[in-house]
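> The structure follows.
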Amino acid sequence: MINGVLHPKNVIAQLVQHGVSHYVTLPDSETAHMYQALMDEPSITLVPVAREGEAIPVAAGLFVAGQNPVISIQNAGLYEAGDALRGLALGIGLPLVMFIGYRGHNRKGDTPDSAATILEPFLHMWRVDYFVVESDEDLDRVPLAFELAAKTNQPVAVAIGTEYAKSDKAIGAEQGGAQ
Amino acid sequence: MITYTDACRVINDSRDEAVVVTTMTQTKYWYQISEHPDLDIGIANAMSKASSVALGVALGKPERSVICLDADGSLLMNFGSLATIAGMAPENLYHFVFNNGIYSVTGGQAVPAPGVEYAKAAEACGYASVYRFDDVESLDSSLSEILSSPGPVLIEIMVKGQPQAEGIDQTWESNAKMPLQLRTLRKRLTGADDWGPGGPYL
């Protein structure tokens with residue numbers, strides 16, 4: 001069990017601070033509240049894809065066109081996207097921050113979810129540097145990811161190790177609906 | 001049936017200043033005809049992803065037309081991109097699908113379900129308009145108007161399948177070429193020469 005809370009608004013503030021233009025994503029259960037919160041952020045365009053393997057190629061095209069995209073996919077989707085990661089991120093030297101949902105992560109190493117147990121070995125094998133973010137207290141690692149991607153012209157992962165908290169708006173809507 | 005050379009010639013005649021994203025066999029023929037190589041990307045190291053790269057460029061530069069020269073075998077590997085493109089609805093994206101029913105590069109094996117009609121699939125996904133051509137005269141007479149209409153548009157071109165034993169620009173050399181092409185295009189589109197070396201080829 002991960003202690004601490006990760007609020008979408010704080011991650012979005014980091015994205016805005018770094019001039020992110022597009023958020024290319026296939027939502028998953030852990031990031032659902034982030035998706036909802038991003039729909040209210042006018043400076044960032046959501047680009048939903050049908051399969052995770054599309055995310056890196058779309059981001060590469062956006063970057064070539066002068067935009068500043070990030071992607072957000074689950075760890076299981078990252079494995080599906082392996083060839084795109086190889087050819088259109090590592091292969092072209094794409095400075096891309098990839099938010100990866102760390103499904104199954106519990107910090108104890110005894111998770112039965114293979115999507116979690118192979119994530120960090122996968123990233124090491126593909127020579128992708130990464131940072132783990134488990135709560136708002138870890139968000140100072142996000143600027144490091146942007147800096148490293150820009151410095152190395154390589155993709156850098158931010159593994160989101162907890163489920164995003166509900167936004168204030170979502171909580172308010174629920175409370176309003178219950179009345 | 002239309003030949004690759006004729007199709008590429010007709011597209012080039014109507015291209016204007018569009019970015020052209022190609023892949024596989026189309027790349028070979030397009031490079032022989034293109035008059036704006038600084039606006040071309042040959043996707044050589046990420047099989048099937050031309051349509052997704054083209055979508056990204058189209059979303060990032062909405063004021064410039066983007067043409068994708070895709071094919072049936074490639075699109076079958078990235079079929080969900082039809083829905084993704086339809087969902088984002090870029091008005092500047094023109095998605096050509098060269099349909100020959102086979103995998104040319106690997107020796108001419110039939111693709112699964114060679115009878116798939118890609119124009120109908122794109123229409124069902126929600127493309128703004130779709131076309132299917134099997135003679136070059138009709139393609140030639142229609143293309144200028146099609147490329148002036150709002151996208152996303154899918155143009156299916158029926159081409160004669162011919163296995164290519166050699167000559168396809170699909171080697172490690174083309175893999176090495178792509179990163180430089182992408183940097184050239186970014187510089188052309190943004191005016192900034194700010195994408196430094198990175199990866200195994202640069």
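The values are calculated or read from the model by the stated rules, or taken from the named source; none is laboratory data. Treat the numbers as computed from the prediction; the structure is a model and nothing was measured. Cβ: placed from backbone, ideal geometry, glycine included. Neighbour counts: every protein chain shown. Please note that ligands, DNA and RNA were not included when accessible areas were found on the heavy atoms of the full protein model with its side chains. Shrake-Rupley method; radii C 1.70, N 1.55, O 1.52, S 1.80 Å.
> For region B:116-134, which positions are closer than 14 Å to B:L76 by Cβ and surrounded by 21 or more Cβ atoms within 10 Å (Cβ to Cβ)?
Of everything in region B:116-134, those that are closer than 14 Å to B:L76 by Cβ and surrounded by 21 or more Cβ atoms within 10 Å (Cβ to Cβ) turn out to be B:Y118, B:A122.
> Can you name every residue in region B:23-41 that is open to solvent by less than 30 Å² (accessible area, probe 1.4 Å) and of a type in the set (S, T, Y)?
Within region B:23-41, B:T23, B:T25, B:T27, B:Y29, B:S34 qualify.
> Taking interchain pairs and intrachain pairs at least six residues apart, which have beta carbon atoms under 7 angstrom, with the first residue in region B:81-107 and away from every other protein chain (no Cβ under 14 Å) and closer than 16 Å to B:L154 by Cα and the second part of a loop (DSSP other than H, G, I, E, B) and at pLDDT 95 or above?
As it stands, the answer is B:E91/B:P150; B:E91/B:G151; B:Y94/B:S65; B:Y94/B:L147; B:Y94/B:G151, since those pairs meet every condition given.
> Return yes when B:A113 is surrounded by fewer than 13 Cβ atoms within 10 Å (Cβ to Cβ) and either closer than 25 Å to B:S14 by Cβ or aliphatic (A, V, I, L, M) (or both) and no when it is not.
yes
> May I pose another question? Looking at region A:127-137 only, could you name the residues that are without any contact (Cβ under 8 Å) to a residue 60 or more places away in the chain, over 12 Å from the mean Cα position of the chain (by Cα) and crowded, with 16+ Cβ neighbours inside 10 Å?
Across region A:127-137, the qualifying residue is only A:V128.
> Considering only helices (runs of 4 or more DSSP H) fully contained in region A:111-179, which possess at least 3 residues that are charged (D, E, K, R) and at negative phi?
A:141-152, A:168-178
> Are there any pairs with C-beta distances below 7 angstrom linking a residue in region B:1-30 that is more than 22 Å from B:G107 (Cβ to Cβ) to a residue that is open to solvent by 30 Å² or more (accessible area, probe 1.4 Å) and part of a helix (DSSP H, G or I), with the two at least 6 apart or on different chains, and if so which?
From region B:1-30, the pairs are B:C8/B:I33; B:R9/B:I33; B:V10/B:D140; B:N12/B:I33; B:S14/B:S144.
Residues checked against (1) in contact with a strand residue (DSSP E or B) (Cβ under 9 Å, 6 or more places away or on another chain); (2) in contact (Cβ under 8 Å) with a residue 12 or more places away in the chain; (3) more than 29 Å from A:L62 (Cβ to Cβ):
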{"site": "B:D134", "(1), (2), (3)": "yes, yes, yes"}
{"site": "B:E137", "(1), (2), (3)": "no, no, yes"}
{"site": "B:S144", "(1), (2), (3)": "no, yes, no"}
{"site": "B:L147", "(1), (2), (3)": "yes, yes, no"}
{"site": "B:I155", "(1), (2), (3)": "yes, yes, no"}
{"site": "B:K177", "(1), (2), (3)": "yes, yes, no"}
{"site": "B:R183", "(1), (2), (3)": "no, yes, no"}
{"site": "B:D194", "(1), (2), (3)": "no, no, no"}
{"site": "B:Y201", "(1), (2), (3)": "no, yes, no"}
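> Further question: A:A84 passes all but one of (1) outside any helix (DSSP H, G or I); (2) buried (at least 16 other Cβ atoms within 10 Å of the Cβ); which number fails?
Going through the list (1) outside any helix (DSSP H, G or I); (2) buried (at least 16 other Cβ atoms within 10 Å of the Cβ), A:A84 breaks only (1).
> Next up: For residues that are under 10 Å from the mean Cα position of the chain (by Cα) and not in a strand (DSSP E or B), tally how many sit in region B:1-29.
Selection size over region B:1-29: 3.
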